Amino acid sequence: MSEDAIRLVDVKKTFDGKDFVLSGMTLSVPKGSLTAIIGFSGTGKSVMLKHILGLYQPTSGQISVLGTDVTRLSPDQMTVFRRKFGVLFQGAALFDDMTVLENVSFPLVEHRRDLSESEVLVIASQRLKQVGLDEKHYGKLPSQISGGMQKRTGLARALALDPEIIFYDEPTTGLDPILTEMVDNLILETHHHRQGMTSVMVSHDLEAAFRIADHVAMLDAGKVLLFGTPEDFFKTDIELVKKFVAKGMKQGMKQR
Ligand SMILES: Nc1ncnc2c1ncn2[C@@H]1O[C@H](COP(=O)(O)OP(=O)(O)O)[C@@H](O)[C@H]1O
Ligand SMILES: [Mg+2]
């Protein structure tokens, strides 16, 4: 039996006591999978992610991550627990006044007090090498490197603490098609490079989701409409899924 990295059971969330942004979400993300979360804008993808990261508390329901009930952790416990996660959001969110190498070293300096300065630098350099960034850029500031290199640096930083789960929220939104493909491939390579790591990617790009993910969850109105392999999405009878897939694939064709 395969284990789940993340399990949500009937999770509901209302911010105002009236509208439910999550309306009974149930989802199991298999350990070691690369799972894509898709769905129209405003369907609760980012809110769901923030619940998994412990940034929001559900109004009701259960959320367990790596076997731990995260809704029961205190803020301090959650801070420690979050070291098991790597996170890369839309912008790379690098520190402007730190070099590439310092940016990647930052989580190690913060959380790995057991490491010496030179050990930190060795690990940070390894991570940068893994994401394909040449050594000659390590001393540069984020403003002195290209958008693609900034993404690579953000990814290296997300990988710094050797996460068990890495989360991407719309990692390619706003990027040109060439950079989009590069980042998608980097996500895929990173996933295969790290045995056992679970990758969760929220994406508006259906073609990319179906190309690189092994599991896909489509959300609608704060619920999971369909969870399965990419193949399952092309075989489904659910009208809304069919419509979403047809539209998404057509848009992808237009961009080419
Ligand atoms: N902190 C918040 N307070 C109130 N409403 C929120 C908050 N965050 C998100 N929402 C609402 O929840 C819904 C889902 O948002 P979100 O998860 O960001 O959508 P998406 O699927 O595009 O990522 C939206 O209607 C949004 O306005
Ligand atoms: Mg979002």
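Before moving on, here are some points about what is shown:
- If you go through segment 119-147 and pick out every residue that is under 12 Å from L186 (Cβ atoms) and either touching a residue at least 40 places away in the same chain (Cβ under 8 Å) or in a helix (DSSP H, G or I) (or both), you end up with 3.
- R152 meets the conditions (1) closer than 12 Å to V100 by Cβ; (2) in contact with a helix residue (DSSP H, G or I) (Cβ under 6 Å, 6 or more places away or on another chain) in every case but one. The failed one is (2).
- Residue in segment 64-72 that is of a type in the set (D, E, K, R), over 29 Å from S23 (Cβ atoms) and more than 16 Å from ligand 2 (Cβ to nearest atom) present: no
- Hits in segment 31-75 - residues which are without any contact (Cβ under 8 Å) to a residue 60 or more places away in the chain and of a type in the set (F, W, Y): Y56
Residue-wise test of (1) over 29 Å from P30 (Cβ atoms); (2) hydroxyl-bearing (S, T, Y); (3) part of a helix (DSSP H, G or I); (4) without any contact (Cβ under 8 Å) to a residue 60 or more places away in the chain.
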| residue | (1), (2), (3), (4) |
| --- | --- |
| G86 | no, no, no, no |
| D97 | yes, no, no, yes |
| L115 | yes, no, no, yes |
| M149 | yes, no, yes, yes |
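- Residue check: L49 meets all listed conditions (1) within 16 Å of ligand 2 (Cβ to nearest atom); (2) open to solvent by 60 Å² or more (accessible area, probe 1.4 Å) but one, namely (2).
- Looking across segment 209-239 at every residue that is open to solvent by 70 Å² or more (accessible area, probe 1.4 Å) and among the hydrophobic types (A, V, I, L, M, F, W, C), the one that is farthest from the chain's Cα centre (by Cα) is identified as F234.
- Total residues in segment 57-67, condition part of a strand (DSSP E or B) and hydroxyl-bearing (S, T, Y): 2
- Some residue of segment 165-179 being of a type in the set (F, W, Y), closer than 25 Å to V65 by Cα and buried (at least 17 other Cβ atoms within 10 Å of the Cβ): yes
- The number of residues in segment 180-238 that are of a type in the set (G, A, S), within 16 Å of ligand 1 (Cβ to nearest atom) and assigned to a loop (DSSP other than H, G, I, E, B) comes to 3.
- The sole residue among L55, L66 that is under 19 Å from the mean Cα position of the chain (by Cα) and surrounded by 14 or more Cβ atoms within 10 Å (Cβ to Cβ) is L66.
The values are calculated or read from the model by the stated rules, or taken from the named source; none is laboratory data. Treat the numbers as computed from the prediction; the structure is a model and nothing was measured. Reconstructed Cβ throughout: ideal geometry from the backbone, glycine too, with neighbour counts over all protein chains shown. Just the protein is used for accessible areas: all its heavy atoms, side chains included, with ligands, DNA and RNA removed. Shrake-Rupley method; radii C 1.70, N 1.55, O 1.52, S 1.80 Å.
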